[in-house]
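Here it is: the structure, laid out below.
The values are calculated or read from the model by the stated rules, or taken from the named source; none is laboratory data. What you see is a predicted model, and the numbers here were worked out from it, not measured in a lab. Neighbour counts run over all protein chains shown; Cβ positions are idealised from the backbone, glycine included. We work out accessible area using only protein heavy atoms, side chains counted, and drop any ligands, DNA or RNA first. Shrake-Rupley method; radii C 1.70, N 1.55, O 1.52, S 1.80 Å.
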Amino acid sequence: MLGNWLNFWRVRKNKSDSDMVRELYKLLDTDRLPRHVAIIMDGNGRWATRRGLPRAMGHRAGVESLREIVRTCSSLGIQYLTVYAFSTENWKRPAEEVSILMDLLVEYLKNELHELNQNNVRIKAIGRIEELPQKAREELDSSAERTQTNKGLTLNLALNYGGRNEITEAVRKIALEVASGALKPEGIDEHVIDMHLYTSGIPDPDLLIRPSGELRISNFLLWQAAYAEFWYSPVLWPDFRKVHLLEAIVDYQRRQRRFGGLKPK
Ligand code: FPP
């Protein structure tokens, strides 16, 4: 895979990240960017543990990566970035860690709002937002409202999000429409299901990135990622930088997407 080749190239030529970024910009085709990039921001805990730090420090360092990746997506002209920030399963973590993550979310939104607006970034949240702590909900509502007219990158924060839960809720809403007579069972198609997901109106992700060496989808965008190109990296999220995003995009651009069809002749 090209991703592996690029890593090899970096090690062999002993290039710095900034040299690599320059090389990668030369390889990048700006006319064929993924419209929607989705990222499972994984590895914060391991990053901290390896340094003898509390896990919270890993999450804080992860916010720096998020900042850099949002800036990069925005300046490249990518239309949608969805990041998995808190899953429906993450409530199983100690209450203190959950609370730190919620505080970081509030801090991120407060600190970034000005720059996000300057860069024309729109904030949205997907997931069971109504179950988040009040201060997180309020900050999300206010950030979404204050960025709603921005036409650049849409930053989708997946919070208290689970793909199975999203599909279950969509099925429930569709069943209610059928029960009320507003929809016929034979009228249910993929488009109807799409329209009942949190991501309604947003194109499916083209590129799904998972750092930290794990090769799982972990209940993320289960329906929407049906044909996403998967890119993984051993780099832990707090170390994930522009150079890694560019590697992923250049690799994506070298692939042939067939969506179940045949290679064009
Ligand atoms: C997974 O790493 C990461 C999370 C559960 C949280 C992701 C959150 C951030 C990057 C920062 C806060 C987000 C916002 C939107 C401000 P892990 O803790 O499971 O890592 P591990 O697998 O190494 O333990």
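Where in segment 194-258 are there GluC sites (Glu not before Pro) that are in a DSSP coil and have at most 15 other Cβ atoms within 10 angstrom of their Cβ?
E214
Further question on the same structure: For segment 14-60, run through the trypsin sites (Lys or Arg not before Pro) and keep only the ones in DSSP coil with at most 16 other Cβ atoms within 10 Å of their Cβ.
Here the sparse-neighbourhood loop sites are K15, R35, R51.
Apply the Karplus parameterisation 6.51 cos²θ - 1.76 cosθ + 1.60, with θ equal to phi minus 60°, to every residue of segment 155-160 and state each ³J(HN,Hα) to the nearest whole Hz, in sequence, with x for glycine and proline.
So the J values, rounded to whole Hz, are 9, 9, 9, 8, 10, 6.
Simple spin-label model, 7 Å along Cα-to-Cβ: A175 to I193 in nm?
1.6
Where Rh denotes the Kirkwood radius from the mean inverse Cα pair distance, what is Rg over Rh for segment 1-148?
Across segment 1-148, the Cα-based Rg/Rh ratio is 1.00.
Starting from 0.36 nm per residue, how many nanometres of slack lie between K135 and H114 once their C-alpha separation is accounted for?
Fully extending the segment from K135 to H114 adds 5.7 nm.
While we're looking at this one, here's another question. Which shape class, rounded, prolate or oblate, goes with segment 89-134 when its Cα gyration tensor gives a ≥ b ≥ c as root eigenvalues, a/c under 1.5 marks rounded, and past that a/b bigger than b/c marks prolate?
Prolate shape, in that a/c is at least 1.5 and a/b is the bigger ratio.
Can I ask one more? Output needed: percent of Cα pairs per 10 Å distance bin for segment 195-265, bins running from 0 to the one holding the longest distance.
Distribution as computed: 17, 42, 33, 7, 0 percent.
Near V70, within a Cβ-to-Cβ distance under 10 Å, what is the net charge of the other residues, with Lys and Arg +1 and Asp and Glu -1?
Here the charged neighbours net out to -1.
Measure off, as a whole percent, the carbon and sulfur share of the 1.4 Å-probe accessible area of segment 64-209, all protein chains present.
48
Sticking with this structure for a sec: Provide the three semi-axes, in whole Å and in decreasing order, of the ellipsoid equivalent to segment 141-203 as defined by the square roots of 5 times the Cα gyration tensor eigenvalues.
28, 13, 11
So what is log10(I(q)/I(0)) for segment 65-154 at q = 0.11, 0.16, 0.17 1/Å, when the Debye sum runs over its Cα atoms only?
-0.31, -0.65, -0.74
Kindly identify the chain as rounded, prolate or oblate by the Cα gyration tensor criterion: order the square roots of the eigenvalues as a ≥ b ≥ c, call it rounded if a/c is under 1.5, otherwise compare a/b with b/c, prolate if a/b is larger, else oblate.
Oblate, since a/c reaches 1.5 and b/c is not below a/b.
Is the shape of segment 49-93 rounded, prolate or oblate, going by the alpha carbon gyration tensor and its root eigenvalues a ≥ b ≥ c, with a/c under 1.5 for rounded and a/b larger than b/c for prolate?
Oblate.
To continue, here is another question. Counting only helical runs of four or more DSSP H residues, what would the 222 nm mean residue ellipticity of the chain come to if each run contributes -39,500 (n - 2.57) and the total is spread over all its residues?
-15000 deg cm²/dmol
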